[in-house]
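The values are calculated or read from the model by the stated rules, or taken from the named source; none is laboratory data. The model shown is predicted, which means the values in this text are computed figures rather than measured ones. Counting neighbours? That spans all protein chains shown, and the Cβs are built from the backbone with ideal geometry, glycine included. Remember, those area values only see protein heavy atoms, side chains included, never the ligands or the DNA or RNA. Shrake-Rupley method; radii C 1.70, N 1.55, O 1.52, S 1.80 Å.
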Amino acid sequence: MKDANKVIGTPVNRIDGIAKVTGKAPYSMDHPVKNPAYAILFKSTVAAGTIQAIDTAAAEKTQGVIAIITHKNAPKLNVKGGLRGGSLLQSPEIEFFGQHIGIVVAESFEQARYAARLVNVTYEAKEPKVDFDQLAKQARVPKDKEKADLKRGDVQTALSQATYKVEEVYETPIEHHHPMEPHATIAEWNGDRVTLYNSSQIVNGAQAATAATLNLKPEQVRIVSPYIGGGFGSKGGQWANLALAAVAAKHVNRPVKLALTRQQMVNSVGLRQHNRQKVSLAATADGKLTALAHETTTHCAINDEFIEPCGDCSKIMYDTPNSLITYRVVPMNLILPTYTRGPGKSTGSFALESAIDELAYKLKMDPIAFRIKNEPERDPSNGKSWSSRTTVQCLQEGAKAFGWENRKPEPRQNERGNYWIGYGVAAGTYPAHQRPTSALVKLKRIENRVMATVELAAADLGTGTYTILTQTAADALGLPVQDVKVKIGDSDLPPAAGAVGSVGAASYANAVNDACQKIIQELVDKSGKQFYVRPTAAQLMHSEKITDYQTRVDSKPLASSEEYSAHSFNANFAEVAVNKSTGMIRVNRFLAVTGAGTILNPKTARSQIIGGNVWGIGMALSEESVLDPRWGNFVTRSFADYHVPTNLDIGQLDAIFINEKDDHVNTLGVKGIGEVGIVAVAAAVANAVFNATGKRVRELPITPDKLL
Amino acid sequence: MRPFAYTRAKDAASAIKLLTENPNAKFLAGGTNLLDLMKEDVERPNALIDISGLGLSEIKTITTGANQGGISLGGLGKNTEAANHPLVRQQYPLLTQAILAGASGQIRNMATNGGNLLQRTRCPYFYEVSMPCNKRVPGSGCGAREGINRMHAIFGWSEQCVAVFPSDLAVALAALDAVITVRSANGQQRSIPIAEFYRLPGDEPQKDTNLPHGELITAIELPKNRFAEKSYYLKVRDRSSYAFALVSVAAALETEGNTIKQARIALGGVAHKPWRALKAEQMLVGKEATEANFKLAASAEMADAKPLAHNAFKVELGNRSIVLALQMALNGGKV
Ligand SMILES: Cc1cc2nc3c(=O)[nH]c(=O)nc-3n(C[C@H](O)[C@H](O)[C@H](O)COP(=O)(O)OP(=O)(O)OC[C@H]3O[C@@H](n4cnc5c(N)ncnc54)[C@H](O)[C@@H]3O)c2cc1C
């Protein structure tokens, strides 16, 4: 009976849905400010060298121009303040094509853009380092200690002794996040305090980094970000445009709106790096893995390093006595790579899970049976117990739901008209973490009604934070959802974790739950009464005749959570149809089976998963940012060239959640689903393409030309 | 955007006059291509003459002249209307398929037939003004010749330009021997066969077509034919919709028994203009409509291809696509 009253776990509609579809939800550029000026960034057209001269005379003379800011007149900023990617107008040095080299501020966006075209820049250009194929051999050991070589046993010997092995190189191209809302900021100064309307996945992080960059104290910077039009990692760490908006507003002494154009997005806010991954696997004839090596070569920026952890899945997915994970990296004249949905795991799982499929094929084993045979009892990387692990369940339940028994083990055995049909499977994982988060709960009694407001500097990427926090508070306070209001996305609220790395739901929901439990306890204590049935917030406020009450918690992960290895797990199933003549591929069906602990809201969770699946299908089939290796510019600068999937590319999508209760991971048993939805998607599709055609494509995306 | 003057034309004559008087003026139709290019600073007109209110959108049967019995599409008609008009669907399904294979629903609702024919290349070096491009700035060089040229030409390119023409509509029109009706400053109408409308880049890649500045496309005429039963537009691309062609094929057959009386094949995505596969067509006339003959014809045509560094696949893809499109045409759209 009691559970039937709970709203956690039910498909509550998105609280913010109506505001969004009616255009009432303000995104970064929509906040009303008085008399804004419009700024546009202009960018370098060489990838390496030094600016010799910037002639702004013609631009300054055009109508509406208020100011032009370049490295010559920009204020001194702290380049180590924590904003990513450089580009802060502090020197004439050019490190990548499209580096910001100036700002034009004008009365209108169009005037600013026109004036920016008239700025004449001369460079002393250097030969840029942008040809990854050329440079890969110069790759070095990373500075990042987490990317140090990880060795267990002796992979080389195991490989040399094995009859069944796979040693292949898998390539994933540069990708861009391209959220629907490009990065945009309104900066408004009030004395020595600046408010920045700027969609931010980590509200407090954006505040800290911007303040440090501008040489201000954190409390002098306020970030307002109630809604985020997608981010996928690119709005996690923040980039130069955020500070430059503040600089421009200060310079012209007016609020300034600074938006990036779609074309500018390719070299302003990070990217997913090109990964060259060598995976070596060895197994006994009966399918027991004896070696697993995952060696990644990639690139980073000239003066900064970021490497997505492609070897992470390989660390924990399979039981093997011999294992090796390495990274090598070469600096290039390209913007700093950054976190991109399923960082390392989405791309790394393409390599690992393709190789697993290749080896299963050589062993003539069903790829599901092969995976299950190598299921590790404990986390192989550290020997810890799993908080819970659902890989086998995901594979088995998925196989049943998908009709895996209809798969033909040999390629080119299943045809429908002019199409080869293929089935593919892949398994994946993403770590589950909770991060410190504070939350404030306020109760207010007006006549017969008690209303709650929950406040924290959390972020909603469009994923459902508002909704799940409303549900969490409603349950913990015993209030109907319509009496709970959630306020997030403002650095003036209690500090919270970011909506990154799938920590959002776990961190926020547990903090809100803690705060609500605490407020009930405080009210009970205040009443001095004994309750046999847990009272609701409303009952307590009424019986104690309180009109206003509030409490705050600083919530931390469970002390015991460190003892366990906690991850979400999934298994994905794809059915593809490949045109025999043209090589065009359509994903007819895709099924994601996910074990992610407590599912707070099955509707928003499903949307998260299928959204990740769609991007994973894009990764598999069409998405690629192409660099001109001579000049370092991207030739894919708009959605006409950067091919995200369309409706027609994707057939039926289904998501199943494993009914699991993980008591170790955190109080609510929430593991997070944002990232895992894209993990092992590309591999499932690529494996299906092999099953359809007999062609193993190891270089994404699998465009028609690769299947001819 | 650069500042520009905007005039809403009252009638065709004054629109043409305004354009003729100003070499830097442009007609504005649906704006789906021109405005994008202006925002990117690729096109820099100082005046726009808005012709979208001129009418000229009728679709009707031609009752006199050389193309009697065919149909005429207004130059300012919308792509969506052309694709869905019953006369087009029944008599020229190839055209319907080609139009619907292009762009997106929203764009086709805005895009006009004349504008579609005059859309500019999608070569990325043309689009980014900091790059060399002889089409955009004659004499500046070709960024794609030694650059990223996977999407580029395999037929008819020059050292000055390897761009391809992106229209799907035009490929079907090429196969159907359409005639473009234009009106010039002196008020005269002229008819330009589509084969003479487009050109190869040669030494003047800045010119996409042979249409002089100041002439207005008023209509597109489709001669009567017997292809409606057996035609097919195949578009091979990197995703299933909303992408430009890697290779496209407009194929149409007229058969007697299993013998081919007439064949029309035009290719898109392979050249600076819609590429009529005349060699392949000639090889098919009088032959049996068999896969073997389709293959022979296709390879004869594709033998002349000169691929660039990144697009050799288009030769094999062209071969296969011609064969598939002919099969699809022969079987009324099914394999
Ligand atoms: C993202 C995207 C994807 C697309 N994909 C495809 C595709 O797959 N296939 C495809 O075929 N097309 C595609 N298009 C192109 C689209 O079809 C064209 O933009 C459209 O047809 C242009 O028509 P318009 O009326 O908007 O022309 P405008 O942009 O108004 O004009 C284009 C040019 O034609 C001139 N012009 C227009 N009308 C006349 C006239 N009557 N007489 C003389 N000159 C005239 C103008 O001066 C201008 O130079 C795509 C476009 C976009 C933006």
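Observations
- Considered as a group, the residues in the stretch A:96-108 that are of a type outside the set (A, V, I, L, M) and more than 10 Å from every other protein chain (Cβ to nearest Cβ) include one that is most open to solvent (accessible area, probe 1.4 Å), and that residue is A:Glu107.
- Under the condition of being surrounded by fewer than 24 Cβ atoms within 10 Å (Cβ to Cβ) and either more than 9 Å from B:Thr80 (Cβ to Cβ) or near the ligand (Cβ under 9 Å from one of its atoms) (or both), the residues counted in the stretch B:101-111 number 6.
- Unmet criterion (only one of (1) among the hydrophobic types (A, V, I, L, M, F, W, C); (2) touching a residue at least 60 places away in the same chain (Cβ under 8 Å); (3) closer than 27 Å to A:Ala537 by Cα) for A:Leu456: (2)
- Scanning the stretch B:289-335 for residues that are open to solvent by 40 Å² or more (accessible area, probe 1.4 Å) and not in a helix (DSSP H, G or I) gives B:Thr290, B:Ala303, B:Asp304, B:Lys306, B:Pro307, B:Ala309, B:His310, B:Ala312, B:Asn331, B:Gly332, B:Lys334, B:Val335.
- Enumerated strands (runs of 3 or more DSSP E) restricted to the stretch A:388-499, each holding at least 1 residues that are more than 14 Å from chain B (Cβ to nearest Cβ) and open to solvent by 40 Å² or more (accessible area, probe 1.4 Å): A:437-446, A:449-455, A:484-487
- Unique residue being within 14 Å of chain A (Cβ to nearest Cβ) and within 11 Å of the ligand (Cβ to nearest atom) when the list is B:Leu56, B:Leu48, B:Leu37: B:Leu37
- Failed item in (1) touching a His at 6+ places or on another chain (Cβ under 8 Å); (2) surrounded by fewer than 21 Cβ atoms within 10 Å (Cβ to Cβ), with A:Arg589 passing the rest: (1)
- Condition met for B:Ile217 (modelled with pLDDT of 95 or more and more than 14 Å from the ligand (Cβ to nearest atom)): no
- Exactly one residue out of A:Tyr114, A:Tyr123 is in a strand (DSSP E or B) and within 14 Å of another protein chain (Cβ to nearest Cβ): that is A:Tyr123.
- Any hit, the stretch B:121-132, residues being away from the ligand (no atom under 13 Å from the Cβ), open to solvent by 10 Å² or more (accessible area, probe 1.4 Å), under 15 Å from B:His272 (Cβ atoms) and modelled with pLDDT of 95 or more: yes
- Take the conditions (1) within 27 Å of A:Ile519 (Cα to Cα); (2) at pLDDT 95 or above; A:Glu447 misses just one of them, which is (2).
- Residue within the stretch B:245-264 that is assigned by TED's automatic domain parsing to the domain that holds B:Ser299, outside any strand (DSSP E or B) and crowded, with 24+ Cβ neighbours inside 10 Å present: yes
- Boolean, B:Met1 is assigned to a loop (DSSP other than H, G, I, E, B) and more than 27 Å from B:Gln188 (Cβ to Cβ): yes
- If the condition is being open to solvent by less than 10 Å² (accessible area, probe 1.4 Å) and outside any helix (DSSP H, G or I), then the stretch A:234-259 contributes A:Ser234, A:Lys235, A:Gly236, A:Gln238, A:Trp239, A:Val256, A:Leu258.
- Evaluation of B:Arg136 against (1) closer than 23 Å to B:Gly318 by Cβ; (2) buried (at least 24 other Cβ atoms within 10 Å of the Cβ); (3) among the basic types (Lys, Arg) (one fails), failing number: (1)
- Here the stretch B:11-23 is the region considered, the condition is being within 12 Å of the ligand (Cβ to nearest atom) and either in contact with a Lys or Arg (Cβ under 9 Å, 6 or more places away or on another chain) or within 14 Å of chain A (Cβ to nearest Cβ) (or both), and the residue that is farthest from B:Leu76 (Cα to Cα) is B:Leu19.
- Boolean, A:Gln111 is open to solvent by less than 60 Å² (accessible area, probe 1.4 Å), among the polar types (S, T, N, Q) and modelled with pLDDT of 95 or more: yes
- In the stretch B:159-166 there is no residue that is within 27 Å of B:Tyr233 (Cα to Cα) and open to solvent by 30 Å² or more (accessible area, probe 1.4 Å).
- For the stretch B:302-332, the candidate set comprises residues that are within 8 Å of chain A (Cβ to nearest Cβ) and in contact with an Asp or Glu (Cβ under 7 Å, 6 or more places away or on another chain); within that set, the residue that is farthest from B:Glu159 (Cα to Cα) is B:Val323.
- Condition check for A:Gly85 on (1) open to solvent by less than 50 Å² (accessible area, probe 1.4 Å); (2) within 14 Å of chain B (Cβ to nearest Cβ): one failure, at (2).
- Per the conditions (1) farther than 25 Å from B:Asn186 by Cβ; (2) in contact with a strand residue (DSSP E or B) (Cβ under 8 Å, 6 or more places away or on another chain), the sole criterion not satisfied by B:Lys39 is (2).
- B:Thr96, sole failed condition from (1) under 23 Å from B:Val270 (Cα atoms); (2) within 14 Å of another protein chain (Cβ to nearest Cβ); (3) of a type in the set (Ser, Thr, Tyr): (2)
- Exclusive hit being within 14 Å of chain A (Cβ to nearest Cβ) and either within 16 Å of the ligand (Cβ to nearest atom) or modelled with pLDDT of 95 or more (or both), set B:Ala252, B:Ala263, B:Ala245, B:Ala292: B:Ala245
- One residue from A:Asp663, A:Asp554, A:Asp641 being touching a Gly at 6+ places or on another chain (Cβ under 7 Å), surrounded by fewer than 22 Cβ atoms within 10 Å (Cβ to Cβ) and on the phi < 0 side of the Ramachandran plot: A:Asp663
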